[in-house]
Structures are given as structure tokens and as C-alpha cells.
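Everything below concerns the one structure shown next.
The values are calculated or read from the model by the stated rules, or taken from the named source; none is laboratory data. Source: prediction; values computed, not measured. Quick reminder, even Gly has a Cβ in these numbers, built from the backbone with ideal geometry, and neighbours come from all protein chains shown. Heads up: the accessible areas ignore ligands, DNA and RNA and are worked out on the full protein's heavy atoms, side chains in. Shrake-Rupley method; radii C 1.70, N 1.55, O 1.52, S 1.80 Å.
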Amino acid sequence: MRVSPRALTILLMVAVALVGPGCRRAVKPEAGGDRTVEAGVPVGFGSEAKDAPEVTWDFGDGSPPQQGARVFHAFERAGSYPVRATEKGEVLASATVTVVFRPVLRAIPADAEVAIFFPQLRGNVEPLVGFFSRMLGQAQARQALEEAPLLSLVLRELRGEPRLVDPEEGVGFFSLPGFEGTVALLGVTDTQGALEAVVQELESGGARVVGRGPEGTVRFQRESGTSMLLFPDRGYLYLVVPDSPEEEEPEGPEEEQASGRIEKVLAQEGGTEAADEEAIRARIVGMSGPGLSELPLLTELRPKVGAGNVHLFARAAEGDTSEGIRGLWAALKVEEDSADLEGWVALDKSLFAGKSGPGSELLGKAPAGPIGALMVSMPPEELSKLVFGAPGSERRERTMLRLKDQGFDAAGADSLVSALRGDLTMLAYFDAVAFYRNFFLGNRRPEPRGTLLFQAGLVRSEPVVEWLTGRLKSRGQPFEVVKGQDATRLRTRVMEQPVEISITADRLMVTGGESLGARAPGDLGGTLRERFGAQSFEPGHLSAMVDVGRLRAELDAPQEVPGVSPQQLPVARSLVGTMMDQLPPVESIFIDFAPEEGGGRFRARTVLRPRTR
């Protein structure tokens, strides 16, 4: 077959085009297609293939272009960005990258044992700062927050200073297994600016920069001699803060030699504090996947509790299942004048072995108006564990030794708890008239005056009588024993106030202080449940409250006090009111814990005093 010269020329031109300098256009750059990524997380563009073309990558976020066949880029802010691969102004490939905020839980390693965090700064930090500013005073609250690692940058954000942190990302603190210390993290928009701001803050607080490493790592030494490590990673700043060593008693010669040998071995093996911090950095920088956010235990716990401004997650240390606790999740919700904490404890066995303590008899017929109330309802054996620790545990052994050192008969104390039925109630009442009378006509000191009621159900009375009389005798305190047909009464005085202890076959009752005859008894339990929640102060619960608002009202109520002139009382009331105003403006505090199926729920609420207009 004959081939014409014209055909040969065309074939030659095609071959040159395929193998010449323009052949790289035959392999287009790979933009990767449209995708959604998290802020601060490096994203790859292009290919590592040998024939991949080197082009200019424009990421569309204002950052400098990069040249290469395969490049990585981290978008610092959320948004939608057009990424283009160009050559001599010609667009060879493109993709749209949608950047979303990186949740703080995805920036915390999955093996974290404890984590406290704001899910995002916007809308969460402001109410918390406002609440604690009212609680502690603005200057003191600011000082406390500024002393916490990385939070000074958050306060700058609230003051409207140049933005360095990301308000849509979070701030938190967590601990890791095998590391004695805390790691703080904060989402930032300007990594370098935020890093230098933290360096400046730590230096102003007495820390000293002792070294800078690659990729923005900064090492500090604190005044205590311990070090800290600051570094950025994928849109967050991390500060590794080892615990300061506790002061120990001086060692003897043999102990000093042993300590020296241990330090030498650690130094040879690299087991230093610096190595610990670098190991933590390596774990965080090398982290992949969803971090703590998709941990099965956390996924199980989160629906148990409502949303909040601040969250707490904790789980049992590896191998520590002595108490059967698997994990804890809690949320703190803060408003202008109140803070509510709700939490859930997950257990691998029924709390209190599925048993419940009896309800309080005292709350059904107690006088109204206490300034404090405590009710404990749990099985006696669980109450013993709560007080002394589980049988055979180290805590129980330590408790018993401590009781013995304090002069208590440990075995007798244990027998006392076992004699309880499992319901204990304590009520505190304030008597303003007696308070002012003592202030003017008594010892002239602002000592509390009122009544304390305590009641406990008993299954046996003998150990209780024996223990109480033994304690009074050992303290050398005078007391009178009055034995009746149905009860044994012990009468004594404490702080110049009369105290009567009544023990019957099934009940221990202690009454101390002023008479409550003027207060009508009623269903105090119902009143407390109406105020603090339908499930509080019920059988099976541990509930407590302190009513500071009631105390203020009691102090301000008396218009006359026998023996005190009408001119003196207003002066004293004004003085006491001024003293009360120096205290935190707390109106009431409430806590409650109760077992539920699969665990236990706890609640707490702090209400601040209404603002004066």
C-alpha cells in the first residue's frame, strides 16, 4: 500500500503533538469535584501521578496561590470557595469547596477521659460571663477567666477587639490517659495572630518562652519550673499544661538515692515532662476521624440531657470499673439570673442494687419556712458505702483509720449506720428575733440563732443510744438522760443552745435551738416539690436546698424585739443588710440526685437575687 507524502506529514504532526512539550495537557489536573470540608482541615488537590501536570492553584479565599501537581490547603473560615487550576490564565479544572465549622468534639481525641467544652462561642460565653460577673463581681470574674488558658482571647472577642477566635467554633479543656495535666483548645480564624496573642498573654503572666519549633510550636517554662506547649492544628490552638508537682516531705538519704536513680533512668529513656508534652502533640496532630464526637458512649449519653451553654463528659479510667460507672454527661444552661445543671450517670449495673429508701416522715409534718433542707433516701447498705466506702475498698480503710485517729470507734460508727433505715432529713430555721436579742442583750456577736431539726428512721435503737452517749462522755460534755416508756431522751447544750435527742424504737429525732411553736406544721415536702420540681424530696432521692432569700426576708422582718429600743433595731437591721450585701447575690441553691433505669440523674439550680431597679 502506498502512503502519500501529505498523509505522512499529517501523521508526523499528530505524533509531535502527543509527545512534545504540550503533551501534559493530555492529563488534566484533578480538582477533586465539589465537596464539603471542615475549617482548618487540610484538603488535597491535584494528583501524585508521575504525569500529573504542575499548575497554579487558586483557592478562592484570598490566600496566595500555590504551584504544584499535588497541593494541600486548609481553609481558615467557613464559606463557599471556587478552587481553580490554571496555566497562563487558562482554567484547566475547577471545583467548589464548601467549608463548615469544625466542631470542638471532633478536635478532641477519642480517648479523652474528661472534657469540658463550649460547643461554640457565639451565644454561649456571654451569658456565662454575665452570670459569674453577678455572682463574683465583674472584676473578680474577669480575672478568673483571664487566668484560664486561652480564655483571654475569648474575652477579647467579647470586648470587640480584632477578631482572632472563631465564634462558631468552640473552646474546651480535656485530659488524656497517661498524662497528668490538662489540654486546652480554642477555635481560631487567624492562627498566627492568635498564637502570638497567647504567647504575649502567657509571658505577661510570668511564663517564659524557651523554644520555638516547626509549624508554630512554642514551648514555655512556668515560674514553678514546669513547662507548657502551645501549638496549632487544623484551625485550633492547643495548650498542653502539665500539673505542677506537689510539694513533698523531705526525703531521707536512702530515698534521695532512690529518687536520683529513678530520675536518671527516666532521663535516659526520654521519660521527661517535655517528652510527655510532645507525645500529646503527636497524638493530636496525628488524629484522624471524628475524634470524640462519635464515641459510642457519648452518643448514648447525649440524648439523656438537654442542651446547655457548657457541656461535661467523663468516663471511667481504663480498667477502673469498681463503682460500675461507665460515664457521665452534663449540661450547664445559664441565663441572666440563674444557672441550671442537668446530668446523667450511666452505670453497668442498677444503682443501689435496684432498691429505694423510704420517704421522709419529717417533711410531711414539718413547720414551713426553713432556710435549708436536706433529705437522703437510700438503702442502709448504700448509705454505709456513701459514708465509709464499699466494704474492702481502700476508701473504707482510709475512712476507718481517720475515724480512729479522731477518737471515733470505727466499728461502732459502722454499726450505727447499719442501724439506720435509710431516710435522713435535716431542716434549718432562722429566728431573727432571737438573733437581734442576742446581738443587743446577749454576747453582742452576730451569731446565728434558730432551730435545727434532724430525723432518721431506725431499724434498731440500741446502737444509736450507745454511740451517742459514748460520744458525749468522750467529749466531756454534760448531758442528762431521761428514760421514758417509749423513748430515751438525751438533753445537753451546744453553743449555749438547748439540744434534745429523742430515740424511739424506729426513729432518731434531734431538736436544737429556739422553739418553733409559732410556726404551724404542714406538708413541707409538697411545698418543696412544688418549688423545685415534682420529683425532688421524694423517696429514693437525695435532695437539698439553701434559701438565702428567705434568710434575708427573716432578717428584715422584725419590727420590734423585746428589750431592744425602737431606735436601735433599725440601725442593726441596716448593718446586717449591709453585711449581707457583701455576699454573693444568691437567692437559692438546689441539688437533687435520683436513680433511674440504667443510671442516675442529677440536677442543680442556682438562682441569683433579683436586680434592684
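Below are the figures for this structure:
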read-out	value
Search result, residues across region 89-114 that are in a strand (DSSP E or B) and either at pLDDT below 90 or touching a Gly at 6+ places or on another chain (Cβ under 6 Å) (or both)	A95, V99, V100
Residue in region 422-435 that is farther than 29 Å from P595 by Cα, in contact with an Asp or Glu (Cβ under 7 Å, 6 or more places away or on another chain), of a type outside the set (G, A, S) and modelled with pLDDT of 80 or more present	yes
Residue in region 524-537 that is farther than 25 Å from F430 by Cβ and at pLDDT below 95 present	yes
Some residue of region 243-258 being modelled with pLDDT of 90 or more and either closer than 21 Å to D166 by Cβ or not aliphatic (A, V, I, L, M) (or both)	no
Any hit, region 94-116, residues being at negative phi, free of Cβ contacts under 8 Å to residues at least 60 places away in the same chain, open to solvent by 10 Å² or more (accessible area, probe 1.4 Å) and charged (D, E, K, R)	no
Candidates S418, S461, S502, filtered to the one that is among the hydroxyl-bearing types (S, T, Y) and within 40 Å of the chain's Cα centre (by Cα)	S418
Per-region count, region 537-573, residues surrounded by 11 or more Cβ atoms within 10 Å (Cβ to Cβ) and outside any loop (DSSP other than H, G, I, E, B)	19
Output for region 69-80, where each listed residue is open to solvent by less than 30 Å² (accessible area, probe 1.4 Å) and in contact with an Asp or Glu (Cβ under 6 Å, 6 or more places away or on another chain)	A69, F75
Which listed residue, of G364, G392, is in contact (Cβ under 8 Å) with a residue 60 or more places away in the chain and open to solvent by 30 Å² or more (accessible area, probe 1.4 Å)	G364
Residues satisfying the stated conditions in region 333-344, i.e. in contact (Cβ under 8 Å) with a residue 40 or more places away in the chain and open to solvent by 20 Å² or more (accessible area, probe 1.4 Å)	E335, E336, D337, D340, L341, E342
Of all residues making up region 187-244, the number that are within 25 Å of F101 (Cβ to Cβ) and part of a loop (DSSP other than H, G, I, E, B)	5
Members of region 441-461 that are out of contact with any strand residue (DSSP E or B) (no Cβ under 8 Å at 6 or more places or on another chain), touching a residue at least 24 places away in the same chain (Cβ under 8 Å) and open to solvent by 70 Å² or more (accessible area, probe 1.4 Å)	L441, P446, R460
